[in-house]
Amino acid sequence: MEKTTHRKLQINHTRNKQQDHTAVMDETAAKFRYEDCQNEYWNPEEFSLLYGTPLWEQSTPQQRIILNHLYWVAYYSQIVSAEIATIYFNQTSAAGLYAQEDFRLICDTLDLESSQERAHINAFRTIAKQVEQALFGKLIFTYPMRGPFAETMVYADTNALKTWWKKIQLQYFGLISANNTFLACQYFTVRGVRTLNGKLVQHKLSNYYQKHPHPDVAPIPAKISYYHFLDESFHFNSSTIISHDVINCLSAPTAFERLVANMGLLGCQRDHFHFSAAINGIFWYDPALYSKIYYVLRSPIFNMGDAEAKEMMRRCFTEESEGLNRSFLTHQEAMSSYKVYVEKLDYLWRRNREMSLMGGNSISRCLAMQRRSLRRFEGYFGEDSEDFLSHAKAHSPLAFPQGRRKEERRSLV
(Lines give C-alpha, C1' and ligand atoms only; values in the text may rest on other atoms or scores of the structure.)
Protein backbone atom coordinates (compact mmCIF):
# COMPACT_ATOMS: atom_id res chain seq x y z
CA MET A 1 0.00 0.00 0.00
CA GLU A 2 1.30 3.44 -0.88
CA LYS A 3 2.33 5.68 2.01
CA THR A 4 -0.14 8.39 1.05
CA THR A 5 -3.03 5.92 0.98
CA HIS A 6 -1.95 4.38 4.26
CA ARG A 7 -1.78 7.83 5.84
CA LYS A 8 -5.31 8.69 4.65
CA LEU A 9 -6.67 5.51 6.19
CA GLN A 10 -4.77 6.10 9.41
CA ILE A 11 -6.06 9.66 9.84
CA ASN A 12 -9.65 8.65 9.12
CA HIS A 13 -9.53 5.69 11.51
CA THR A 14 -7.89 7.67 14.31
CA ARG A 15 -10.39 10.51 14.08
CA ASN A 16 -13.32 8.12 13.93
CA LYS A 17 -12.12 6.43 17.15
CA GLN A 18 -11.63 9.78 18.85
CA GLN A 19 -15.10 11.00 17.88
CA ASP A 20 -16.94 7.68 18.15
CA HIS A 21 -20.59 8.34 19.07
CA THR A 22 -21.54 4.78 20.03
CA ALA A 23 -21.77 5.38 23.78
CA VAL A 24 -23.65 8.68 23.56
CA MET A 25 -26.02 7.22 20.98
CA ASP A 26 -26.80 4.25 23.22
CA GLU A 27 -27.30 6.53 26.21
CA THR A 28 -29.50 8.97 24.30
CA ALA A 29 -31.69 6.30 22.69
CA ALA A 30 -32.28 4.66 26.10
CA LYS A 31 -33.78 7.95 27.36
CA PHE A 32 -36.31 8.25 24.55
CA ARG A 33 -39.95 8.60 25.59
CA TYR A 34 -42.34 9.49 22.81
CA GLU A 35 -44.60 11.57 25.05
CA ASP A 36 -41.66 13.87 25.82
CA CYS A 37 -41.32 15.08 22.22
CA GLN A 38 -44.53 14.09 20.46
CA ASN A 39 -45.63 17.70 19.93
CA GLU A 40 -42.58 19.05 18.12
CA TYR A 41 -40.81 18.50 14.82
CA TRP A 42 -37.81 16.16 14.63
CA ASN A 43 -36.67 17.07 11.11
CA PRO A 44 -36.94 20.13 8.89
CA GLU A 45 -40.60 20.43 7.89
CA GLU A 46 -39.99 19.40 4.27
CA PHE A 47 -38.72 16.03 5.52
CA SER A 48 -42.17 14.80 6.48
CA LEU A 49 -44.14 11.88 5.10
CA LEU A 50 -46.14 13.02 2.03
CA TYR A 51 -44.83 16.58 2.36
CA GLY A 52 -46.02 18.87 -0.44
CA THR A 53 -48.90 16.59 -1.41
CA PRO A 54 -52.66 17.23 -1.08
CA LEU A 55 -52.61 15.32 2.23
CA TRP A 56 -50.01 17.69 3.65
CA GLU A 57 -51.90 20.76 2.44
CA GLN A 58 -55.09 19.81 4.26
CA SER A 59 -53.49 18.39 7.42
CA THR A 60 -53.82 20.08 10.80
CA PRO A 61 -50.68 21.28 12.63
CA GLN A 62 -50.73 18.16 14.86
CA GLN A 63 -51.17 15.83 11.88
CA ARG A 64 -48.19 17.49 10.18
CA ILE A 65 -46.05 16.87 13.25
CA ILE A 66 -47.01 13.18 13.17
CA LEU A 67 -46.17 13.01 9.45
CA ASN A 68 -42.80 14.51 10.35
CA HIS A 69 -42.26 11.77 12.94
CA LEU A 70 -43.35 9.06 10.50
CA TYR A 71 -40.78 10.31 7.99
CA TRP A 72 -38.10 9.79 10.62
CA VAL A 73 -39.39 6.29 11.39
CA ALA A 74 -39.67 5.29 7.72
CA TYR A 75 -36.36 6.83 6.69
CA TYR A 76 -34.30 5.19 9.38
CA SER A 77 -36.08 1.87 8.90
CA GLN A 78 -34.54 1.91 5.42
CA ILE A 79 -31.15 2.78 6.91
CA VAL A 80 -31.44 -0.22 9.26
CA SER A 81 -31.77 -2.53 6.25
CA ALA A 82 -28.71 -1.03 4.60
CA GLU A 83 -26.61 -1.18 7.76
CA ILE A 84 -27.43 -4.85 8.41
CA ALA A 85 -26.02 -5.65 4.98
CA THR A 86 -23.05 -3.35 5.60
CA ILE A 87 -22.03 -5.21 8.76
CA TYR A 88 -21.89 -8.50 6.87
CA PHE A 89 -20.09 -7.21 3.76
CA ASN A 90 -17.61 -5.26 5.88
CA GLN A 91 -16.47 -8.62 7.24
CA THR A 92 -16.40 -10.51 3.92
CA SER A 93 -14.50 -7.62 2.33
CA ALA A 94 -12.01 -7.59 5.20
CA ALA A 95 -11.44 -11.31 4.60
CA GLY A 96 -10.64 -10.52 0.98
CA LEU A 97 -7.77 -8.34 2.21
CA TYR A 98 -6.15 -10.91 4.50
CA ALA A 99 -3.54 -11.88 1.92
CA GLN A 100 -2.39 -8.29 1.47
CA GLU A 101 0.32 -6.43 3.30
CA ASP A 102 -0.92 -3.70 5.66
CA PHE A 103 -4.40 -5.24 5.74
CA ARG A 104 -4.82 -4.72 9.48
CA LEU A 105 -5.56 -0.99 9.34
CA ILE A 106 -8.45 -1.51 6.92
CA CYS A 107 -9.81 -4.39 9.00
CA ASP A 108 -9.60 -2.35 12.21
CA THR A 109 -11.44 0.46 10.44
CA LEU A 110 -14.21 -1.89 9.33
CA ASP A 111 -14.49 -3.48 12.79
CA LEU A 112 -15.04 -0.04 14.33
CA GLU A 113 -17.60 0.86 11.68
CA SER A 114 -19.52 -2.39 12.16
CA SER A 115 -19.69 -1.74 15.90
CA GLN A 116 -21.07 1.72 15.19
CA GLU A 117 -23.63 0.31 12.75
CA ARG A 118 -24.96 -1.99 15.47
CA ALA A 119 -25.45 1.02 17.76
CA HIS A 120 -27.22 2.89 14.96
CA ILE A 121 -29.59 -0.02 14.34
CA ASN A 122 -30.42 -0.30 18.03
CA ALA A 123 -31.15 3.44 18.32
CA PHE A 124 -33.31 3.59 15.21
CA ARG A 125 -35.35 0.56 16.17
CA THR A 126 -35.74 1.64 19.80
CA ILE A 127 -37.35 4.91 18.71
CA ALA A 128 -39.29 3.64 15.70
CA LYS A 129 -40.96 0.77 17.54
CA GLN A 130 -42.02 3.00 20.42
CA VAL A 131 -43.47 5.63 18.08
CA GLU A 132 -45.47 3.18 15.99
CA GLN A 133 -46.78 1.27 18.99
CA ALA A 134 -47.94 4.56 20.49
CA LEU A 135 -49.59 5.80 17.29
CA PHE A 136 -51.01 2.59 15.84
CA GLY A 137 -50.72 -0.19 18.40
CA LYS A 138 -48.63 -2.13 15.86
CA LEU A 139 -45.58 -1.70 13.65
CA ILE A 140 -46.13 -0.16 10.22
CA PHE A 141 -42.82 0.86 8.63
CA THR A 142 -40.70 -0.98 11.21
CA TYR A 143 -40.11 -4.67 10.51
CA PRO A 144 -38.57 -7.65 12.33
CA MET A 145 -34.79 -7.90 12.21
CA ARG A 146 -33.61 -9.35 8.90
CA GLY A 147 -30.52 -11.04 7.57
CA PRO A 148 -27.94 -9.44 5.25
CA PHE A 149 -29.29 -11.16 2.13
CA ALA A 150 -32.76 -9.61 2.24
CA GLU A 151 -33.76 -7.03 -0.36
CA THR A 152 -31.82 -3.95 0.76
CA MET A 153 -34.43 -1.54 -0.59
CA VAL A 154 -37.30 -2.15 1.82
CA TYR A 155 -40.07 -1.09 -0.60
CA ALA A 156 -38.78 -2.26 -3.96
CA ASP A 157 -40.22 -3.19 -7.35
CA THR A 158 -39.86 -6.90 -6.74
CA ASN A 159 -41.62 -10.24 -6.47
CA ALA A 160 -40.83 -13.65 -4.99
CA LEU A 161 -38.61 -14.69 -7.92
CA LYS A 162 -36.68 -11.41 -8.02
CA THR A 163 -36.21 -11.50 -4.25
CA TRP A 164 -34.87 -15.07 -4.41
CA TRP A 165 -32.49 -14.21 -7.24
CA LYS A 166 -31.24 -11.11 -5.40
CA LYS A 167 -30.57 -13.25 -2.33
CA ILE A 168 -28.54 -15.72 -4.40
CA GLN A 169 -26.51 -12.91 -5.94
CA LEU A 170 -25.70 -11.36 -2.56
CA GLN A 171 -24.68 -14.72 -1.11
CA TYR A 172 -22.43 -15.42 -4.09
CA PHE A 173 -20.82 -11.98 -3.94
CA GLY A 174 -20.10 -12.43 -0.24
CA LEU A 175 -18.44 -15.75 -0.99
CA ILE A 176 -16.21 -14.62 -3.86
CA SER A 177 -15.32 -11.20 -2.42
CA ALA A 178 -13.99 -12.93 0.72
CA ASN A 179 -11.32 -14.50 -1.50
CA ASN A 180 -10.74 -11.73 -4.04
CA THR A 181 -9.00 -8.52 -3.08
CA PHE A 182 -10.21 -6.50 -6.05
CA LEU A 183 -13.88 -7.37 -5.46
CA ALA A 184 -13.42 -6.81 -1.73
CA CYS A 185 -12.26 -3.26 -2.49
CA GLN A 186 -14.84 -2.73 -5.23
CA TYR A 187 -17.66 -3.43 -2.77
CA PHE A 188 -16.80 -0.04 -1.29
CA THR A 189 -17.60 1.60 -4.62
CA VAL A 190 -21.19 0.44 -4.20
CA ARG A 191 -21.14 1.26 -0.48
CA GLY A 192 -19.77 4.70 -1.26
CA VAL A 193 -22.50 5.40 -3.82
CA ARG A 194 -25.21 4.29 -1.40
CA THR A 195 -23.69 6.33 1.44
CA LEU A 196 -23.42 9.35 -0.86
CA ASN A 197 -27.18 9.21 -1.37
CA GLY A 198 -27.62 9.18 2.40
CA LYS A 199 -25.30 12.12 2.91
CA LEU A 200 -27.48 14.35 0.72
CA VAL A 201 -30.42 13.93 3.09
CA GLN A 202 -28.73 13.19 6.39
CA HIS A 203 -26.73 16.41 6.29
CA LYS A 204 -30.04 18.33 6.22
CA LEU A 205 -31.52 16.15 8.96
CA SER A 206 -28.47 16.69 11.17
CA ASN A 207 -28.67 20.45 10.63
CA TYR A 208 -32.03 20.50 12.38
CA TYR A 209 -30.29 19.60 15.64
CA GLN A 210 -27.25 21.79 14.97
CA LYS A 211 -29.47 24.83 14.40
CA HIS A 212 -31.90 24.07 17.20
CA PRO A 213 -32.21 27.14 19.48
CA HIS A 214 -31.84 24.95 22.59
CA PRO A 215 -29.76 21.85 21.68
CA ASP A 216 -29.80 20.51 25.25
CA VAL A 217 -33.57 19.99 25.10
CA ALA A 218 -33.84 19.18 21.40
CA PRO A 219 -35.91 16.08 20.61
CA ILE A 220 -33.90 12.87 20.99
CA PRO A 221 -34.56 11.64 17.41
CA ALA A 222 -32.98 14.85 16.09
CA LYS A 223 -29.90 14.18 18.24
CA ILE A 224 -29.70 10.62 16.93
CA SER A 225 -29.83 11.96 13.35
CA TYR A 226 -26.89 14.23 14.15
CA TYR A 227 -24.76 11.54 15.79
CA HIS A 228 -25.48 9.14 12.95
CA PHE A 229 -24.45 11.67 10.32
CA LEU A 230 -21.12 12.28 12.06
CA ASP A 231 -20.34 8.55 12.15
CA GLU A 232 -21.40 8.04 8.54
CA SER A 233 -19.11 10.85 7.39
CA PHE A 234 -16.14 8.76 8.45
CA HIS A 235 -17.65 5.67 6.84
CA PHE A 236 -17.98 7.53 3.57
CA ASN A 237 -14.35 8.60 3.80
CA SER A 238 -13.17 5.01 4.24
CA SER A 239 -15.35 3.85 1.33
CA THR A 240 -13.77 6.50 -0.88
CA ILE A 241 -10.19 5.71 0.15
CA ILE A 242 -10.60 1.95 -0.33
CA SER A 243 -12.50 2.17 -3.62
CA HIS A 244 -10.38 4.96 -5.15
CA ASP A 245 -6.91 4.64 -3.62
CA VAL A 246 -6.41 1.16 -2.19
CA ILE A 247 -7.83 -0.44 -5.33
CA ASN A 248 -5.20 1.35 -7.43
CA CYS A 249 -2.48 -0.48 -5.50
CA LEU A 250 -3.72 -3.77 -6.94
CA SER A 251 -3.21 -5.44 -10.30
CA ALA A 252 -5.61 -4.52 -13.09
CA PRO A 253 -8.89 -6.43 -12.77
CA THR A 254 -9.56 -9.51 -14.85
CA ALA A 255 -12.51 -9.73 -17.24
CA PHE A 256 -14.46 -11.67 -14.59
CA GLU A 257 -13.71 -9.10 -11.89
CA ARG A 258 -14.82 -6.30 -14.21
CA LEU A 259 -18.06 -8.14 -14.94
CA VAL A 260 -18.89 -8.69 -11.28
CA ALA A 261 -17.97 -5.12 -10.35
CA ASN A 262 -20.13 -3.63 -13.09
CA MET A 263 -23.07 -5.90 -12.33
CA GLY A 264 -22.93 -4.74 -8.72
CA LEU A 265 -23.08 -1.07 -9.67
CA LEU A 266 -25.81 -1.75 -12.22
CA GLY A 267 -27.81 -3.35 -9.40
CA CYS A 268 -27.37 -0.18 -7.38
CA GLN A 269 -28.76 1.83 -10.29
CA ARG A 270 -31.80 -0.45 -10.40
CA ASP A 271 -32.34 0.00 -6.67
CA HIS A 272 -32.17 3.78 -7.10
CA PHE A 273 -34.26 4.00 -10.30
CA HIS A 274 -37.47 5.11 -8.58
CA PHE A 275 -38.26 8.20 -6.53
CA SER A 276 -41.10 8.46 -4.06
CA ALA A 277 -43.95 10.93 -3.72
CA ALA A 278 -44.32 9.78 -0.11
CA ILE A 279 -40.78 10.16 1.20
CA ASN A 280 -38.15 12.45 -0.27
CA GLY A 281 -34.62 11.06 -0.15
CA ILE A 282 -35.30 7.32 -0.32
CA PHE A 283 -35.80 5.78 -3.73
CA TRP A 284 -38.71 3.58 -2.79
CA TYR A 285 -41.13 2.06 -5.28
CA ASP A 286 -44.36 3.70 -4.17
CA PRO A 287 -46.75 0.88 -5.17
CA ALA A 288 -45.01 -1.33 -2.60
CA LEU A 289 -45.82 1.40 -0.07
CA TYR A 290 -49.51 1.85 -0.88
CA SER A 291 -50.83 -0.47 1.84
CA LYS A 292 -48.80 1.35 4.53
CA ILE A 293 -50.10 4.75 3.45
CA TYR A 294 -53.64 3.38 3.31
CA TYR A 295 -53.27 2.20 6.91
CA VAL A 296 -52.06 5.62 8.02
CA LEU A 297 -55.00 7.35 6.32
CA ARG A 298 -57.56 4.94 7.82
CA SER A 299 -56.03 5.11 11.30
CA PRO A 300 -57.26 7.55 14.01
CA ILE A 301 -54.60 10.02 12.88
CA PHE A 302 -56.67 10.92 9.79
CA ASN A 303 -59.77 8.76 10.35
CA MET A 304 -60.65 8.48 6.65
CA GLY A 305 -63.13 6.03 5.22
CA ASP A 306 -62.15 3.56 2.51
CA ALA A 307 -63.30 5.71 -0.43
CA GLU A 308 -61.83 8.91 1.04
CA ALA A 309 -58.47 7.25 1.72
CA LYS A 310 -58.25 5.86 -1.81
CA GLU A 311 -59.18 9.20 -3.33
CA MET A 312 -56.51 10.91 -1.25
CA MET A 313 -53.96 8.33 -2.40
CA ARG A 314 -54.97 8.94 -6.02
CA ARG A 315 -54.37 12.66 -5.59
CA CYS A 316 -51.06 12.21 -3.76
CA PHE A 317 -49.55 9.54 -6.01
CA THR A 318 -50.94 10.16 -9.49
CA GLU A 319 -50.90 13.96 -9.69
CA GLU A 320 -47.83 16.17 -9.93
CA SER A 321 -47.11 17.96 -6.66
CA GLU A 322 -44.45 19.92 -4.86
CA GLY A 323 -43.56 16.77 -2.93
CA LEU A 324 -43.03 14.71 -6.09
CA ASN A 325 -40.93 17.46 -7.67
CA ARG A 326 -38.75 17.69 -4.55
CA SER A 327 -38.18 13.93 -4.62
CA PHE A 328 -37.29 14.03 -8.30
CA LEU A 329 -34.82 16.87 -7.65
CA THR A 330 -33.14 14.77 -4.91
CA HIS A 331 -33.02 11.86 -7.38
CA GLN A 332 -31.29 14.05 -9.96
CA GLU A 333 -28.84 15.46 -7.39
CA ALA A 334 -27.96 11.94 -6.28
CA MET A 335 -27.41 10.79 -9.85
CA SER A 336 -25.11 13.74 -10.57
CA SER A 337 -23.12 13.01 -7.39
CA TYR A 338 -22.78 9.33 -8.34
CA LYS A 339 -21.34 10.29 -11.74
CA VAL A 340 -18.67 12.41 -10.11
CA TYR A 341 -17.89 9.67 -7.58
CA VAL A 342 -17.23 6.98 -10.22
CA GLU A 343 -15.84 9.07 -13.10
CA LYS A 344 -12.20 8.03 -12.51
CA LEU A 345 -12.90 4.30 -12.18
CA ASP A 346 -11.75 3.10 -15.61
CA TYR A 347 -13.00 -0.48 -15.21
CA LEU A 348 -16.65 0.61 -15.28
CA TRP A 349 -18.95 0.26 -18.25
CA ARG A 350 -20.16 3.46 -19.88
CA ARG A 351 -23.73 2.98 -18.64
CA ASN A 352 -22.41 2.85 -15.07
CA ARG A 353 -20.20 5.91 -15.44
CA GLU A 354 -23.12 7.84 -16.96
CA MET A 355 -25.75 6.31 -14.64
CA SER A 356 -27.93 5.91 -17.73
CA LEU A 357 -30.25 3.31 -16.19
CA MET A 358 -31.04 5.50 -13.19
CA GLY A 359 -31.34 8.49 -15.49
CA GLY A 360 -34.11 6.83 -17.49
CA ASN A 361 -36.81 7.77 -15.00
CA SER A 362 -38.81 10.99 -15.14
CA ILE A 363 -41.83 12.62 -13.53
CA SER A 364 -44.11 11.70 -16.44
CA ARG A 365 -42.92 8.09 -16.38
CA CYS A 366 -43.35 7.92 -12.61
CA LEU A 367 -46.91 9.28 -12.77
CA ALA A 368 -47.89 6.84 -15.52
CA MET A 369 -46.55 3.96 -13.42
CA GLN A 370 -48.43 5.21 -10.36
CA ARG A 371 -51.73 5.42 -12.25
CA ARG A 372 -51.44 1.85 -13.49
CA SER A 373 -50.41 0.52 -10.10
CA LEU A 374 -53.00 2.42 -8.07
CA ARG A 375 -55.85 1.09 -10.25
CA ARG A 376 -54.76 -2.45 -9.39
CA PHE A 377 -54.43 -1.54 -5.71
CA GLU A 378 -57.89 -0.01 -5.51
CA GLY A 379 -59.38 -3.15 -6.97
CA TYR A 380 -58.43 -5.49 -4.14
CA PHE A 381 -57.27 -3.62 -1.04
CA GLY A 382 -59.47 -2.52 1.80
CA GLU A 383 -61.34 -5.70 2.60
CA ASP A 384 -58.84 -6.80 5.25
CA SER A 385 -58.39 -3.40 6.85
CA GLU A 386 -61.05 -3.53 9.55
CA ASP A 387 -59.06 -5.74 11.93
CA PHE A 388 -56.20 -3.27 11.71
CA LEU A 389 -58.46 -0.30 12.29
CA SER A 390 -60.16 -1.74 15.35
CA HIS A 391 -56.75 -2.63 16.79
CA ALA A 392 -55.34 0.82 16.05
CA LYS A 393 -58.31 2.63 17.55
CA ALA A 394 -58.10 0.55 20.70
CA HIS A 395 -54.44 1.38 21.24
CA SER A 396 -53.85 4.81 19.75
CA PRO A 397 -53.43 7.69 22.22
CA LEU A 398 -55.16 9.85 19.62
CA ALA A 399 -58.41 8.08 20.50
CA PHE A 400 -58.10 8.83 24.24
CA PRO A 401 -60.50 11.18 26.00
CA GLN A 402 -58.83 14.51 26.76
CA GLY A 403 -58.67 13.77 30.48
CA ARG A 404 -56.70 10.53 30.24
CA ARG A 405 -53.52 10.70 32.33
CA LYS A 406 -50.00 10.68 30.87
CA GLU A 407 -49.21 7.57 32.93
CA GLU A 408 -51.89 5.67 31.02
CA ARG A 409 -50.41 6.78 27.72
CA ARG A 410 -46.96 5.70 28.82
CA SER A 411 -48.20 2.23 29.61
CA LEU A 412 -48.91 1.67 25.94
CA VAL A 413 -45.36 2.40 24.84
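The values are calculated or read from the model by the stated rules, or taken from the named source; none is laboratory data. These figures come from a predicted structure and were not determined experimentally. Glycine also receives a Cβ, built like all others from the backbone with ideal geometry; neighbour counts cover every protein chain displayed.
Against the numbered list (1) farther than 30 Å from Ile293 by Cα; (2) surrounded by fewer than 17 Cβ atoms within 10 Å (Cβ to Cβ), Tyr341 comes up short only at (2).
Would it be correct to say that Phe32 is free of Cβ contacts under 8 Å to residues at least 40 places away in the same chain and over 25 Å from His272 (Cα atoms)?
The answer is no for Phe32.
Is it true that some residue in the stretch 64-76 is touching an Asp or Glu at 6+ places or on another chain (Cβ under 8 Å), of a type in the set (A, V, I, L, M, F, W, C) and closer than 26 Å to Asp216 by Cα? Yes, because at least one residue in the stretch 64-76 is touching an Asp or Glu at 6+ places or on another chain (Cβ under 8 Å), of a type in the set (A, V, I, L, M, F, W, C) and closer than 26 Å to Asp216 by Cα. Condition test on Asn43, is it touching a residue at least 12 places away in the same chain (Cβ under 8 Å), closer than 17 Å to Phe236 by Cα and polar (S, T, N, Q)? Spelling it out, it is not the case that Asn43 is touching a residue at least 12 places away in the same chain (Cβ under 8 Å), closer than 17 Å to Phe236 by Cα and polar (S, T, N, Q).
Each row is one residue, and each column tells you yes or no for (1) part of a helix (DSSP H, G or I); (2) surrounded by fewer than 22 Cβ atoms within 10 Å (Cβ to Cβ); (3) of a type in the set (Gly, Ala, Ser).
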| residue | (1), (2), (3) |
| --- | --- |
| Asp26 | yes, yes, no |
| Asn39 | no, yes, no |
| Asn43 | no, no, no |
| Phe47 | no, no, no |
| Leu70 | yes, no, no |
| Tyr75 | yes, no, no |
| Gln78 | yes, yes, no |
| Tyr88 | yes, yes, no |
| Gln91 | yes, yes, no |
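Scanning the stretch 113-124 for residues that are crowded, with 16+ Cβ neighbours inside 10 Å, of a type in the set (Asp, Glu) and not in a loop (DSSP other than H, G, I, E, B) turns up at least one hit. Candidates Ile140, Ile127, Ile176: the one that is surrounded by 15 or more Cβ atoms within 10 Å (Cβ to Cβ), in a loop (DSSP other than H, G, I, E, B), in contact (Cβ under 8 Å) with a residue 60 or more places away in the chain and of a type in the set (Val, Ile, Thr) is Ile140. Can you say whether Val154 is closer than 27 Å to His69 by Cα, out of contact with any strand residue (DSSP E or B) (no Cβ under 9 Å at 6 or more places or on another chain), of a type in the set (Val, Ile, Thr) and not in a loop (DSSP other than H, G, I, E, B), as far as the supplied structure shows? Against the criterion (closer than 27 Å to His69 by Cα, out of contact with any strand residue (DSSP E or B) (no Cβ under 9 Å at 6 or more places or on another chain), of a type in the set (Val, Ile, Thr) and not in a loop (DSSP other than H, G, I, E, B)), Val154 does not qualify. Scanning the stretch 309-333 for residues that are in a helix (DSSP H, G or I) and over 22 Å from the mean Cα position of the chain (by Cα) gives Ala309, Lys310, Glu311, Met312, Met313, Arg314, Arg315, Thr318. Evaluation of Leu161 against the conditions (1) under 22 Å from the mean Cα position of the chain (by Cα); (2) closer than 29 Å to Gln370 by Cα shows that the sole unmet condition is (1).
Okay, residues lined up against (1) modelled with pLDDT under 95; (2) closer than 22 Å to Gly198 by Cα:
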{"position": "Met1", "(1), (2)": "yes, no"}
{"position": "Thr5", "(1), (2)": "yes, no"}
{"position": "Asp20", "(1), (2)": "yes, yes"}
{"position": "Lys31", "(1), (2)": "no, no"}
{"position": "Ser48", "(1), (2)": "no, yes"}
{"position": "Tyr51", "(1), (2)": "no, yes"}
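Here Leu97 clears all of (1) surrounded by fewer than 21 Cβ atoms within 10 Å (Cβ to Cβ); (2) of a type outside the set (D, E, K, R); (3) at pLDDT below 95; (4) not in a helix (DSSP H, G or I) except the condition numbered (1). Looking across Arg118, Arg7, one residue alone is of a type in the set (D, E, K, R), over 26 Å from Cys268 (Cβ atoms) and free of Cβ contacts under 8 Å to residues at least 60 places away in the same chain. It is Arg7.
None of Lys162, Lys167, Lys223, Lys211 is surrounded by fewer than 22 Cβ atoms within 10 Å (Cβ to Cβ), closer than 29 Å to Tyr41 by Cα and among the charged types (D, E, K, R) except Lys211. Each residue in the stretch 194-220 was checked for being farther than 14 Å from Ile79 by Cα and in a helix (DSSP H, G or I), and 11 pass.
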